[in-house]
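Participant: What follows is a structure written as structure tokens; I'll ask about it next.
The values are calculated or read from the model by the stated rules, or taken from the named source; none is laboratory data. Because the structure is predicted, anything quoted here is derived from the model rather than measured. Every residue, glycine as well, gets a Cβ built from its backbone with ideal geometry; the counts of neighbours run over all protein chains shown.
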Amino acid sequence: MASEVKPKIILDCDPGVDDAIAIITANRWSEIVGITSVSGNVSIEHTTSNALKMKSLLNIDAPLHSGASRPIKAEPFHASHVHGQTGLGNTDLPEPSHSPDSDDAVSFILEKTREEEGIHLVPIGPLTNIALAIEADPSLVDRVASITFMGGGAGVGNVTAAAEFNVFADPEAADLVFKSGAPLNMIGLNLTHQVLMGSEHADYCYGLNTSIGKTAGDLLNFNGRTHGTDKGSNLGAMHDPCAVLAVTHPELFVSKPRSVVVELEGSHTRGQTLVDEREWVEVEKNCNVFYEVDSKNVIELILQAISEASSGG
């Protein structure tokens, strides 16, 4: 069970269907001390607007700062074909009534972590904001409890056979983070493909008869249709909430320390997170790679977050 004291997180996101579900999940099981947006699934204008919409829907009392509008070096790369043109599938949320608190996510991350040590950074989009923050102040990695990110994978990609979207979208940023010495947790595709949600979970959310339930239902339905891992299953990987729950409910996950490097050059492998699985080789471990998850309980926690948000709990 979650401890009485909720871990404090800065959620760095690019909503995104599963990012929106992650925001609902984080609002229940963590203490969100800030939200930052980044270009990723869709453009920064859309990711920021979507984060503001979810913040308003859930009445989240935390600042929201817009961040990087493009990768460090690469050309912008989006996934609107997966998340819908504006990023939130076919949901119909009102336009945000508030603007971001600033357009300088990096300064917010640095100031907040100086103000209070032990915050978890939970990036669930490309690692651009996090890399720029570390570049500006390398001691950031000593102040945070963890950088627990959804991205990469041990031996599996989705944009290419080798590369996962969040790393592929800004490999230079990921490379900088992996080399930073940060307390790093990688929640990759090999883990998140074990957590499948879609139409059956959407029906539960619709049954709550609330605006939050309807929004979650629309998101989960869309996820099942567009992320479907098995034809006709209406179930798709629910990636981003896994990173949140790895921080709040670590007992539901199994990880191992590994040496991980990001491939920047390969014509077939750019954006790959190459995990050294050779247990018999002495090599410095820079990352906890997550391998196993109690998917049944993780899904229950996501649905409980939606239900309690719907009831005002």
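Participant: Is it the case that some residue within region 298-310 is free of Cβ contacts under 8 Å to residues at least 24 places away in the same chain and loosely packed, with under 15 Cβ neighbours inside 10 Å? Break it down into steps so the answer makes sense when it comes.
Facilitator: We begin by selecting, within region 298-310, every residue free of Cβ contacts under 8 Å to residues at least 24 places away in the same chain; these are 300.
Cutting the leftovers down to loosely packed, with under 15 Cβ neighbours inside 10 Å gives us 300.
Among the residues of region 298-310, at least one is free of Cβ contacts under 8 Å to residues at least 24 places away in the same chain and loosely packed, with under 15 Cβ neighbours inside 10 Å, which makes the answer yes.
Participant: Further, regarding this structure: Exactly one of (1) surrounded by 14 or more Cβ atoms within 10 Å (Cβ to Cβ); (2) part of a loop (DSSP other than H, G, I, E, B); (3) touching a Ser or Thr at 6+ places or on another chain (Cβ under 8 Å); (4) not basic (K, R) is unmet by A74. Its number?
Facilitator: (3)
The rows are residues; the columns are (1) touching a Leu at 6+ places or on another chain (Cβ under 9 Å); (2) crowded, with 20+ Cβ neighbours inside 10 Å; (3) farther than 18 Å from L245 by Cα; (4) of a type in the set (D, E, K, R).
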site	(1), (2), (3), (4)
A26	yes, yes, no, no
E31	no, no, no, yes
T36	yes, yes, yes, no
A51	yes, yes, yes, no
N59	no, no, yes, no
A62	yes, no, yes, no
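Participant: What single numbered condition from (1) in contact with a Leu (Cβ under 7 Å, 6 or more places away or on another chain); (2) crowded, with 24+ Cβ neighbours inside 10 Å fails to hold for V106?
Facilitator: (2)
Participant: Look through V167, V156, V195, V144 and report the one residue that is modelled with pLDDT under 95 and either aliphatic (A, V, I, L, M) or crowded, with 19+ Cβ neighbours inside 10 Å (or both).
Facilitator: Numbers: V167 fails: modelled with pLDDT under 95; V195 fails: modelled with pLDDT under 95; V144 fails: modelled with pLDDT under 95.
Being modelled with pLDDT under 95 and either aliphatic (A, V, I, L, M) or crowded, with 19+ Cβ neighbours inside 10 Å (or both) holds for just one of V167, V156, V195, V144, which is V156.
Participant: Something else about it: Being modelled with pLDDT of 95 or more and over 21 Å from G153 (Cβ atoms) is the filter here; which residues of region 288-313 pass it? Walk me through it before giving the result.
Facilitator: From region 288-313, those modelled with pLDDT of 95 or more are 288-309; that's our starting set.
K296, N297, E300, L301, L303, Q304, A305, I306, S307, E308, A309 - these are the residues of region 288-313 that are modelled with pLDDT of 95 or more and over 21 Å from G153 (Cβ atoms).
Participant: Right, here's the next one. Restricting attention to region 1-58, report how many residues are assigned to a helix (DSSP H, G or I), β-branched (V, I, T) and in contact with a strand residue (DSSP E or B) (Cβ under 6 Å, 6 or more places away or on another chain). So that I can check it myself, show each step before the final result.
Facilitator: Filtering region 1-58 down to residues assigned to a helix (DSSP H, G or I) leaves 17-29, 44-58.
Those left that are additionally β-branched (V, I, T): 17, 21, 23-25, 44, 47-48.
Next, from what is left, pick out any that are in contact with a strand residue (DSSP E or B) (Cβ under 6 Å, 6 or more places away or on another chain): 47-48.
Of the residues in that region, 2 qualify.
Participant: How about region 209-220: which of its residues are of a type in the set (S, T, N, Q) and either without any contact (Cβ under 8 Å) to a residue 40 or more places away in the chain or more than 19 Å from H239 (Cα to Cα) (or both)?
Facilitator: N209, T210, S211, listed by residue number.
Participant: Among the residues of region 92-107, which ones are at pLDDT 90 or above, polar (S, T, N, Q) and either in a loop (DSSP other than H, G, I, E, B) or touching a strand residue (DSSP E or B) at 6+ places or on another chain (Cβ under 6 Å) (or both)?
Facilitator: S99, S102
Participant: Pick from R225, R258: which is charged (D, E, K, R), outside any loop (DSSP other than H, G, I, E, B), closer than 22 Å to Y291 by Cα and touching a residue at least 12 places away in the same chain (Cβ under 8 Å)?
Facilitator: Values: R225 fails: closer than 22 Å to Y291 by Cα.
Matching residue, one of R225, R258: R258.
Participant: Conditions: (1) closer than 20 Å to M150 by Cβ; (2) surrounded by 18 or more Cβ atoms within 10 Å (Cβ to Cβ); (3) of a type outside the set (G, A, S). N234 meets all but one. Number of the miss?
Facilitator: Every listed condition holds for N234 apart from (1).
Participant: If you go through region 198-216 one residue at a time, do you hit one that is modelled with pLDDT under 95, assigned to a strand (DSSP E or B), surrounded by fewer than 18 Cβ atoms within 10 Å (Cβ to Cβ) and on the phi < 0 side of the Ramachandran plot?
Facilitator: Looking for residues that are modelled with pLDDT under 95, assigned to a strand (DSSP E or B), surrounded by fewer than 18 Cβ atoms within 10 Å (Cβ to Cβ) and on the phi < 0 side of the Ramachandran plot, one finds none in region 198-216, hence no.
Participant: Only one of A62, A68 is closer than 18 Å to T25 by Cα, of a type in the set (G, A, S), under 19 Å from the mean Cα position of the chain (by Cα) and assigned to a loop (DSSP other than H, G, I, E, B). Can you tell me which? Please lay out each step first, then the result.
Facilitator: On the way: A68 fails: closer than 18 Å to T25 by Cα.
So the residue among A62, A68 that is closer than 18 Å to T25 by Cα, of a type in the set (G, A, S), under 19 Å from the mean Cα position of the chain (by Cα) and assigned to a loop (DSSP other than H, G, I, E, B) is A62.
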